[in-house]
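This report concerns only the one structure given below.
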Amino acid sequence: MRVSVTTSVFIGLMASVAFGAPAAAAEKTKFEFWYGLSGDLGERVQDACKKFNDSQSEFEIVCTSQNGYDTTLQNTIAAYRAKKQPAITQIYDAGTLDMMLSGAFVPAKKLMADNGYTIDWNNYFGGIANYYATAKGELNSFPFNSSTAMFYYNVDAFQKAGIDFKPDTWEQVEEAARKLKAAGFECPLAFNFDTWPLMEQFSAIHNQPLATKANGYNGLDAELVVNKTKFVDHVKFFKKMADEKLFVVKTKQLGMDIVPAFTSETCQMIQTSVADHGTIGKTLPEGVKWEVAMLPVWKGTERQNSLVGGASLWVLAGRPEAEYKGAAAFLNYLGTPEMAEWWSTVTGYIPVTKTGFDAMKANGFYDKAPYKGRELAIQSLSFTPTSENTRGIRLGGFTQIRKEFATALEAIFMQNADVQAELDKTVERGNAVLRRFEKTYAGQTLN
Amino acid sequence: MDKRAAFRSWWLPSLFALPQIILILLFFYWPAVAVLRWAFTLEPPFGGAAEFVGLANFQEVFADPLYWNSVGISLAFALCGTLSTIFIGLVLALAVDRQLPGSAPFRFLYILPYAIAGPAAGMAFRFILSPERGLMASVNAAFPDFWNPAKYGSHALILVIVVFAWKWAGYTFIFLLAGLQSVPRSLIEAAAMDGCGPIRRAVDIQIPLLAPTLFFLLVIMMTEGFVGADTYGIVARTTDGGPNHGTDVMVYRIVEEAFRGLNYSGASAQSLVLIGLIMVFTFIQFHFIERQVHYK
């Protein structure tokens, strides 16, 4: 609460300063944009804002980092309740349903139509747009920084261990892990308890549901079923590999997370976001050969598209009309192929529109060394048309559900808890979260 | 005797008190009223229609076995944290009070950790006591799994208590040193002449005379351990409540529930229970323990 109170006081002060200042030379409409990215990625958002401000003289966007996705959602809620909300806010994937039911936003399509922009909504990749769209496929928010999970492996280590294949299936990953171990590599594959690659992406590409009602798209009464799908066997497989010390747990609590484990060449394989592609390329010692691939599937599986991660931009309700003109102009500006290309180049994120992707492909972006492999993320996201299980995840309190599953994995891998029993218990806990969410929004329906 | 000598009217003192009153209303009573209201309703995060649900939120809280787990963990944490901060503070204070040459800078050094924010201390200790790197790595190399707070809840609990004690021992030290210095020198000197060693003098003279200070610290540190902002910060930065709810103290659970789970109602219900618990503790401490404390 302290953070949000300070923030709202701060915003209040900023607002009074803004109002109190004598209207200077140009009458620019100012509006605010809050985002969750920090560090290097946060700097790039500032660059984007500056580019927009320099590109025209009518509006001025003021961009403020809230340092983290979850704090952005919390601060947005606090600000909205205090009627001090920004015009645009960046909300991560897991907060999508909270936003959808809030009644606190202007739908993307309405905003652009009201302000006279014609947007080709089909230009967005289906796998990305569906996460943020209504059941009818109309976008509520603007996909912005999008990613998906990838499989990274150290080619030099593979060669030393005499592995001459690319790990496309989990059977091959196991084989590679055994060969790496035999060649003296202590940590063939590193993993942590992040459910995003291990549970959510795995379920999507194997066309397995996380919950009933099309992962929640068809109603708030959805129930988790992930304790009855292929995911259970997958966890058991991971457990077996971990017991044989072929897969190794690497977390912050243990002193080293998976990405540093990979870049320090402690471990030879990881699955993580394509957003880490840039960092990995920059951090691995010069000359080390490494590759990125789509996440492996089990042999005989018909691969489905993977899920989009990252965040989207929401336009909040209750701002003066003039600000919406600016917000629409800014969002339109971000959507241009040039900006899409610039954004994907300076970050590890993928372009969210087909024209953006095509422009980048055409100028040979993906053939150049540091960016090579990133096109696989698009391939993974658009591998098939989305199915009920791969459209996205629309579950209330999903942040908390993720945490419950992470805790379950912790119990399984660190404390030898029984896989099935632990997952059953967690599904029950997760369903309690869903039921409470349903009650909180009683009478509301998903659109 | 006229006690209102300074002010002849009622409005002037009221005016002086006004800023304080406004601040208290704004930052204490207003949130408290919101918590009271939310605990009995289902509050949607963005506001809007909240439905009155009576005691349902409390039922949900009490029906959750993990809630009772967090009550037990909180108790263990607050108790061990309190006792270790007071014990360390006492040992340091007795040492400095002996006025050995060169002991002056240590007063400053012992207080220093108190100035460091809990989360920062937690972050530092996560590295210092990491099982794979840091101080314990070599011990673990000789005795595998001797120390692994990422695996064993008990180790993780020890870890957060160590951080808490490290940070707060300096605080208890200040009070205990001040208390020790008000013990009449003549008593100590007389005892010394009768042949009492330093330990004997501490146990028989100094500590009994410190009883009021010790009691005060007991109440303060128990409350701090239960509801202090540091407790949340330390747990969040060191263990994240884990492994498997091993360090899931009540304040951590409340903040997580409210802000990660956006469950304002459930978190409010838990807050009310926590406030009630603190009141019961304070009552017990004043009612039963204070009787053993002699102020003269």
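The values are calculated or read from the model by the stated rules, or taken from the named source; none is laboratory data. Predicted model only: the values in this text are computed from it and were never measured. Neighbour counts are summed over all protein chains in view; Cβ atoms, including those assigned to glycine, are modelled from backbone coordinates with ideal geometry. Only protein heavy atoms, including side chains, enter the accessible area calculation; ligands, DNA and RNA are left aside. Shrake-Rupley method; radii C 1.70, N 1.55, O 1.52, S 1.80 Å.
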- Query: Residues in segment B:87-101: is at least one surrounded by 14 or more Cβ atoms within 10 Å (Cβ to Cβ) and of a type in the set (K, R)?
  - Reply: no
- Task: Could you tell me whether any residue of segment B:114-129 is at the interface with chain A (Cβ under 10 Å from one of its Cβ atoms) and not in a helix (DSSP H, G or I)?
- Result: yes
- Could we say that A:G373 is in contact with a Leu (Cβ under 9 Å, 6 or more places away or on another chain) and touching a residue at least 24 places away in the same chain (Cβ under 8 Å) here? no
- Query: Among B:E256, B:E224, which is away from chain A (no Cβ under 13 Å), of a type in the set (D, E, K, R) and within 23 Å of the chain's Cα centre (by Cα)?
  - Reply: B:E224
- Message: I want to confirm something. Restricting to segment A:118-155 and keeping residues that are open to solvent by less than 40 Å² (accessible area, probe 1.4 Å) and among the aliphatic types (A, V, I, L, M), which single residue is nearest to A:V433 (Cα to Cα)?
- Response: A:A133
- Task: Might you check whether a residue that is open to solvent by 60 Å² or more (accessible area, probe 1.4 Å) and either among the charged types (D, E, K, R) or modelled with pLDDT of 50 or more (or both) occurs anywhere in segment A:18-25?
- Result: no
- Query: So which helices (runs of 4 or more DSSP H) are wholly in segment A:340-447 and hold at least 1 residues that are open to solvent by 60 Å² or more (accessible area, probe 1.4 Å), away from chain B (no Cβ under 14 Å) and small (G, A, S)?
  - Reply: A:354-362
- Note on the structure: For A:T96, the lone unmet condition from (1) modelled with pLDDT of 95 or more; (2) crowded, with 16+ Cβ neighbours inside 10 Å; (3) away from chain B (no Cβ under 11 Å) is (1)
- Message: Exactly one of these conditions fails for A:N115: (1) open to solvent by 10 Å² or more (accessible area, probe 1.4 Å); (2) within 14 Å of chain B (Cβ to nearest Cβ); (3) in contact with a helix residue (DSSP H, G or I) (Cβ under 7 Å, 6 or more places away or on another chain). Give me its number.
- Response: (2)
- Item | Count - residues of segment B:39-72 that are within 14 Å of chain A (Cβ to nearest Cβ), of a type in the set (A, V, I, L, M, F, W, C) and under 17 Å from B:G246 (Cβ atoms) | 1
- Just for segment B:175-213: of the residues that are in contact with a Gly (Cβ under 8 Å, 6 or more places away or on another chain) and open to solvent by 40 Å² or more (accessible area, probe 1.4 Å), which one is modelled with the lowest pLDDT? B:L209
- Message: From the list B:S84, B:S74, exactly one residue is touching a Leu at 6+ places or on another chain (Cβ under 9 Å), under 28 Å from B:V251 (Cβ atoms), among the hydroxyl-bearing types (S, T, Y) and surrounded by 15 or more Cβ atoms within 10 Å (Cβ to Cβ). Which is it?
- Response: B:S74
- Tell me which residues, restricted to segment B:242-274, are surrounded by fewer than 21 Cβ atoms within 10 Å (Cβ to Cβ), assigned to a helix (DSSP H, G or I) and in contact (Cβ under 8 Å) with a residue 40 or more places away in the chain. B:L272, B:V273, B:L274
- Output the residues belonging to segment B:137-168 that are at the interface with chain A (Cβ under 10 Å from one of its Cβ atoms) and surrounded by 18 or more Cβ atoms within 10 Å (Cβ to Cβ). B:N148, B:P149, B:A150, B:K151, B:Y152, B:G153, B:A156, B:L159
